[in-house]
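Working notes, beginning with the structure itself.
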Amino acid sequence: MDNFVDNRVKIAVILGSLREISYTQMALEVAMKGTKLYNNVEIEFIDLRKYDIPFCDDTEMCYEAPSVIKISEILRSSHGVIIGSPEYHGSLSGVLKNLLDLLSSKDFKDKVVGLIGVAGGSVGASNTLRDMRMIIRHLHGWVVPNQVSIARSRHSFDDTGQIIDPQLETRLIQLGQEVVKFAFLHHSPTALQLFEDWNKLTIEK
Ligand SMILES: Cc1cc2nc3c(=O)[nH]c(=O)nc-3n(C[C@H](O)[C@H](O)[C@H](O)COP(=O)(O)O)c2cc1C
């Protein structure tokens, strides 16, 4: 995806939890509120509970599964991506890692990516965030500097799924805004013109 259609910024949001009532989903919903503060933002929510995703065994069959092709199409037509994962044994969830194994740099190249980690324990999800950042770098995505780690997930949301700590809410909203802002900058006609001019420059020896 090189340009905007009707100036619309497309953001794909990936939920890395399969739990029916997921704190990661609740966190992503707050970040999505941040993206919607801008006009012309279109969101595609990738809910892995609704996709039949095979394990990656490095065969054509797994890469060409309809679910993988569908997710790949959503990502390739997006300008930015927000990924939320629960912390599982100090890292991202297996279902999310497996999905990323099935994807490639063609899906993340030129995408601006925001990361959210959600942990049950009091230490938070910084290890999950570090691992996701590293994997997305391998996939040639541009991870924004801000990230959000939620600790003690069960105590961070009320019974209706609303986030309790206003500071955490602000951080999630800012993350959503940052992804839209940099996705826009990354793909705006002015930026693309700058890249073109840059590529035309001859380097004097
Ligand atoms: C297999 C498994 C491993 C987990 N490992 C950790 C962990 O290492 N650190 C932690 O703080 N919480 C851990 N948790 C708790 C989850 O991070 C926590 O329940 C989180 O809220 C799950 O996100 P979800 O509600 O979106 O599914 C683990 C949970 C499961 C099921």
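Coordinate-derived values only; no laboratory data. Fair warning: this is a prediction, and the values are worked out from it, not measured in the lab. When we count neighbours, we look across all protein chains shown, and the Cβ atoms used for this are built from the backbone with ideal geometry, even at glycine.
A simple spin-label model places pseudo-atoms 7 Å from Cα toward Cβ; at residue 52 and residue 196 they are separated by 4.5 nm. From the square roots a ≥ b ≥ c of the eigenvalues of the alpha-carbon gyration tensor of the range 9-200, which class results: rounded (a/c under 1.5), prolate (a/b over b/c), or oblate? Oblate shape, in that a/c is at least 1.5 and b/c is the bigger or equal ratio. Among the listed pairs 97/200; 10/200; 111/200, a Cα-Cα separation exceeding 27 Å is found for 97/200; 10/200. For the peptides 136-149, 157-170, the ranking by mean Cβ contacts within 10 Å, running from highest to lowest, is 136-149, 157-170.
For n ≥ 4 DSSP H runs only, could you compute -39500 (n - 2.57) per run for the chain, divide by its residues and tell me the 222 nm figure to the nearest 500? Only helices count here, giving -13500 deg cm²/dmol.
Taking amide H as placed 1.01 Å from N in the peptide plane, residue 143 has its amide H under 5 Å from the amide H of 113, each at least 5 places away in sequence or on another chain. Fully extended, how many nm does the chain gain between residue 39 and residue 160 (0.36 nm per residue separation, minus their Cα-Cα distance)? Fully extending the segment from residue 39 to residue 160 adds 40.8 nm. Working note: Karplus 6.51/-1.76/1.60 with θ = phi - 60° gives the range 45-60 the couplings 8, 9, 9, 5, 5, 9, 10, 9, 9, x, 6, 6, 10, 6, 10, 4 Hz, where Gly and Pro are set to x. With the Cα gyration tensor of the range 130-195 giving a ≥ b ≥ c as the square roots of its eigenvalues, does the rule (a/c under 1.5 for rounded; else a/b larger than b/c for prolate; else oblate) give rounded, prolate or oblate? Taking the square roots of the gyration eigenvalues as a ≥ b ≥ c, the range 130-195 is oblate. Distance from the C-alpha centroid of the range 147-205 to that of the range 48-67: 28 Å, rounded to the whole angstrom. Annotation: amide H-H contacts under 5 Å for residue 14 (H modelled 1.01 Å from N, sequence separation of 5 or more, or interchain): 46, 82, 83, 84. Taking amide H as placed 1.01 Å from N in the peptide plane, the amide H of residue 88 sits under 5 Å from that of 93, each at least 5 places away or on another chain. Here the contact order of the range 9-200, divided by its residue count and restricted to Cα pairs under 8 Å and six or more residues apart, works out to 26 percent. Rounded, prolate or oblate: pick one for the range 13-105, where a ≥ b ≥ c are the square roots of the eigenvalues of its C-alpha gyration tensor, a/c under 1.5 means rounded, and failing that, prolate if a/b is larger than b/c, else oblate. Judged from the Cα gyration tensor, the range 13-105 comes out oblate (a/c at least 1.5, b/c at or above a/b). Among complete DSSP H helices in the chain, those whose alpha-carbon atoms stretch at least 20 Å along the helix's long axis and whose mean Kyte-Doolittle hydropathy reaches -0.5 are 166-187.
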